[in-house]
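Accompanying notes for the structure given below.
The values are calculated or read from the model by the stated rules, or taken from the named source; none is laboratory data. Keep in mind it's a predicted model, so treat the numbers as computed, not measured. Don't worry about glycine lacking a Cβ; one is built from the backbone with ideal geometry, like all the others, and counts go over all protein chains shown. Quick note on the areas: whole protein, heavy atoms, side chains included, nothing else; ligands and nucleic acids left out. Shrake-Rupley method; radii C 1.70, N 1.55, O 1.52, S 1.80 Å.
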Amino acid sequence: MLKKAIPVVLMLFCAFAAQAQLKFGFKTGLNIARMTGPSELNDAGAELEKWENITGFHIGATFAHKFTDNFGLRGEFLYSKKGARYTYEGKSYRIFNDNGTQTLTNGNATYRINISNSYLDIPVMAYARFGDFEVSAGAYASVLLQSIGEGALRYEGASEPPRNLPTGEVKFLLDHNYRRDDPGGSDNSETVTATVNDRILTLPRTLGAYYDLPEDKGALYNSLDYGLVGGVSYYISQAMYANVRLQYGLADLTNNDADLSKARTDNGQLIFRDDKDRNFVIQVSIGFSF
């Protein structure tokens, strides 16, 4: 229903714009953003993943149409940086390739990734003005412009029986461009080594977003997001205001075909996760209307 409602609201907003009765302005401020979703679990049922807040910003143009002195419709076009600080810690695996021979190892891993997703946000809201205060609520649609991640991976494991030989600890850097990286992609300018089944393997130190995928599964983060939005503004003067707003995403951020499980495989076959991850953002802004 929301997917159908957003285009209707946008068309109504454009109709108001055609009447040349809009009040224009701009705003900028901070995003306190994170992603929410179900965590992978270890064998004891404990959560292995954690999403923490990351700070971004937003900036863009605002438009408002008055129905009366107290009620109206407001829309915005914002460049907005969202994301999360992602941590995975615990049971994991890695598959090492040695001249075409794949060796499955199981052990423990720690992933730490700062994910930064840049969007074009288009919120459309009804507002009510009470003196110096304004309350607004509505919906938003977003188009993903850029999606990157930076971090590190530490892994320690052992090969599967019958040999069950240790790999020792291996440390990688993670440099992810979720919209451009290729399957198996890496930066080979620096290397690390891992001992697997009595052989020393030379591996790239820096891994791309889809290094562990043998084929193209599409981008991890979906191009479109949508959800609900609401907030409160205080008018410092006739033109200047401060605003606090909450965005609650309803769309699944991740492409399930590319959302790889870090915890386990199915007898050496990769598992992809069929779950739902969402954006959650608190925005604090200063704006001007003319």
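Quick look at the values:
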quantity	calculated
Qualifying residue in segment 47-70 (condition: in contact with a Ser or Thr (Cβ under 9 Å, 6 or more places away or on another chain), at pLDDT 85 or above, surrounded by fewer than 16 Cβ atoms within 10 Å (Cβ to Cβ) and closer than 30 Å to residue 159 by Cα)	yes
Test for residue 169: is it in contact with a Lys or Arg (Cβ under 6 Å, 6 or more places away or on another chain) and either surrounded by fewer than 16 Cβ atoms within 10 Å (Cβ to Cβ) or free of Cβ contacts under 8 Å to residues at least 40 places away in the same chain (or both)	no
Scan of segment 21-41 for residues that are open to solvent by 50 Å² or more (accessible area, probe 1.4 Å) and part of a loop (DSSP other than H, G, I, E, B), ordered by number	21, 38
Residue within segment 193-209 that is closer than 19 Å to residue 82 by Cβ and open to solvent by less than 60 Å² (accessible area, probe 1.4 Å) present	yes
Meets criteria (touching a Ser or Thr at 6+ places or on another chain (Cβ under 9 Å), buried (at least 18 other Cβ atoms within 10 Å of the Cβ) and either assigned to a strand (DSSP E or B) or modelled with pLDDT of 95 or more (or both)) for residue 189	no
Contacts under 7 angstrom Cβ, first residue in segment 218-236 being under 18 Å from residue 254 (Cα atoms) and in contact (Cβ under 8 Å) with a residue 60 or more places away in the chain, partner surrounded by fewer than 17 Cβ atoms within 10 Å (Cβ to Cβ) and of a type in the set (A, V, I, L, M), 6 or more apart	223/143; 224/143; 226/2; 226/250; 227/250
Qualifying residue in segment 197-210 (condition: more than 30 Å from residue 137 (Cα to Cα), of a type in the set (D, E, K, R), part of a strand (DSSP E or B) and modelled with pLDDT under 95)	yes
Those residues of segment 253-290 which are part of a loop (DSSP other than H, G, I, E, B), more than 15 Å from the chain's Cα centre (by Cα) and not aromatic (Phe, Trp, Tyr), in sequence order	257, 261, 262, 263, 264, 265, 267, 268, 270, 271, 273, 274
Every residue from segment 125-161 that is under 24 Å from the mean Cα position of the chain (by Cα) and of a type in the set (S, T, N, Q)	142, 146, 147
